[in-house]
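Working notes, beginning with the structure itself.
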Amino acid sequence: MEYMVNCMETYTLAGRTAIVTGASRGIGKVIAQLFAAEGAATVMCSRSTESIEAAAEDIEQSLAVDGPGKVHPVECDVTDEEDVRALVDATLEAFDGVDILINNAGGSFGEDGKIHTVNSDTWEKSLGVNLTGPFLCSREVIPPMAQGGGGSIVHVSTANALTGIGAGAYSAVKSGLYALSRMIAVHYGPHDIRSNVVSLGTIMTEQRQKRMANPPTDTHQELLDEYPLGRFGWPDEVADTVLFLAAPRSSFVTGVDIPVDGGLTAGLSQQFHRPVANVEELPQRSHQ
């Protein structure tokens, strides 16, 4: 009973400072809102000043008046070294430390499909946001995090990178997060820094709901059939998992990947993947 009570007491982010990238909308915004509600000083970043300030204002209005949590919006392009350094400098100046980093910013770009069709521009953009960005943010955060006594880094990846489905460049680049996270866990564990990955299945953000609803596609039900739970996930389910990994409650968890995918990667069939990816088509060289 004593152990359970102690766990509940530490399942909070009061007194901690967190950075959440890609936090102006979708999963990142929900994570930032939950962290602030749990008491963290939450630095939210996005490439758009207008978008991140609007998101921060939304969250501030939802917080308890007398609660310890707060949000601090910062414009930052995670692929730009100077921007990332300025982001961490602003965090240290405002809150005198950083305890948590959530590498959430990411996405797919251009005509991203089978590898032989992906042009170099699409590949470089995907690499920049989905892997170089987390590397730059982690590199800047690790020294002050170690000097402050440790912390937690969580990288948001995709179930596609675990199974070889989906867009070629996006899935390939996202898979690099697993190695990055493991190396951080091994190299900086002695400084009490933990690093973990969450791999997401289909999550019903506002954007995805719009894509699926207008118009509905024939592949929607086929994709849904691949999920043992019989449904897609919601952003708050991702945020709850990320909160667990960020909080002291997971203090002995590092270097691992947690699929938040409704069982998708537990036993994926080819009934959806083969026709959607048109894998039977003979590849032709393209001149890009």
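The values are calculated or read from the model by the stated rules, or taken from the named source; none is laboratory data. Treat the numbers as computed from the prediction; the structure is a model and nothing was measured. Cβ placement follows ideal geometry from the backbone for every residue including glycine, while neighbour counts extend to all protein chains displayed. Remember, those area values only see protein heavy atoms, side chains included, never the ligands or the DNA or RNA. Shrake-Rupley method; radii C 1.70, N 1.55, O 1.52, S 1.80 Å.
Would you please give the FRET efficiency between Glu53 and Asp89, computed as 1/(1 + (r/R0)^6) with r the Cβ-Cβ distance and R0 = 25 Å, to the nearest 0.05?
Taking R0 as 25 Å, the efficiency between Glu53 and Asp89 is 0.85.
Sort 53-62, 133-142 by packing, meaning the average of other beta carbons within 10 Å per residue, with the highest value first.
Values: 53-62: 16.0, 133-142: 21.9.
Most protected by this proxy first, the peptides run 133-142, 53-62.
If you stretched the chain out fully between Val186 and Asn119, how much longer would it get, using 0.36 nm times the residue separation minus the C-alpha to C-alpha distance?
Stretched fully, the Val186-Asn119 segment lengthens by 20.7 nm.
Within straight cross-link reach of Lys29, meaning Cα distance under 17 Å, which lysines are found once same-chain residues fewer than 8 apart are removed?
Within reach: Lys70.
Would you mind checking the tilt of helix 235-246 against the longest principal axis of the Cα atoms of the chain, expressed as 0 to 90 degrees and rounded to 10?
That works out to roughly 50 degrees.
Got a sec? Which residues in the stretch 221-265 would a label at Gln207 touch, if it sits 7 Å along Cα→Cβ and we count backbone N under 17 Å?
233-236, 238-239
Rounded to the nearest percent, how much of the accessible area of the chain (1.4 Å probe, protein heavy atoms only) is carbon and sulfur? Show your work: numbers first, answer last.
Details: 7530 of 14680 Å².
That share works out to 51 percent.
What net charge do the residues around Glu75 carry, taking every other residue with its C-beta under 11 Å from that of Glu75, with Lys and Arg at +1 and Asp and Glu at -1?
Numbers: positive: Arg47; negative: Glu50, Glu53, Asp77, Asp80, Asp83.
With Lys, Arg at +1 and Asp, Glu at -1, the net is -4.
Please express the Cα-Cα pair-distance distribution P(r) of the stretch 78-163 as a list of whole percents, one per 5 Å bin, running from 0 to the bin with the greatest distance.
3, 14, 20, 21, 15, 10, 8, 5, 3, 0
May I ask for the distance between the Cα centers of the stretch 101-146 and the stretch 38-59, given as a whole number of Å?
21 Å
Mind computing the radius of gyration and Dmax over the alpha-carbon atoms of the chain? Å is fine for both.
Rg, Dmax (Cα atoms, Å): 19.3, 66.
For a quick protection proxy, order the peptides 180-191, 99-110 by their average other-Cβ count within 10 Å, most packed first.
Values: 180-191: 16.8, 99-110: 23.6.
So the order, starting with the most tightly packed, is 99-110, 180-191.
Could you give me the ³J(HN,Hα) list for the stretch 131-147, computed from phi with Karplus coefficients 6.51, -1.76, 1.60 and θ = phi - 60°, whole Hz, x at Gly and Pro?
Couplings: 10, 5, x, x, 4, 4, 5, 5, 4, 6, 7, 4, x, x, 5, 5, 5 Hz.
Given charges of +1 on the Cβ of Lys and Arg and -1 on the Cβ of Asp and Glu, with all other atoms neutral, how large is the dipole of the stretch 134-288 about its Cα centre, in debye to the nearest 20? It would help to have the intermediate numbers written out before the result.
Working: 11 positive and 14 negative charges, 82 e Å.
In debye, rounded to 20, the stretch 134-288 gives about 400.
Can you tell me the accessible area per residue over the stretch 192-233, all protein chains present, probe 1.4 angstrom, in square angstrom? It would help to have the intermediate numbers written out before the result.
Working: 2400 Å² over 42 residues.
Here the residues of the stretch 192-233 average 57 Å² of exposed surface.
Kirkwood Rh over alpha-carbon pairs of the stretch 137-288, then Stokes-Einstein at 37 °C and 0.692 mPa s: what D in µm² s⁻¹, rounded to an integer? Write out the running numbers ahead of the final one.
Values: Rh = 17.3 Å.
Estimated diffusion coefficient is 189 µm²/s.
So what's the convex hull volume per residue for the Cα atoms of the stretch 139-221, in Å³?
Details: hull volume 9.7 nm³, N = 83.
Here the figure is 117 Å³ per residue.
If the viscosity is 0.692 mPa s and the temperature 37 °C, what translational diffusion coefficient in µm²/s does Stokes-Einstein give for the stretch 1-149 when Rh comes from Kirkwood over Cα pairs? Kindly include the intermediate steps, with their values, before the conclusion.
On the way: Rh = 16.2 Å.
Rounded to a whole number, D works out at 202 µm²/s.
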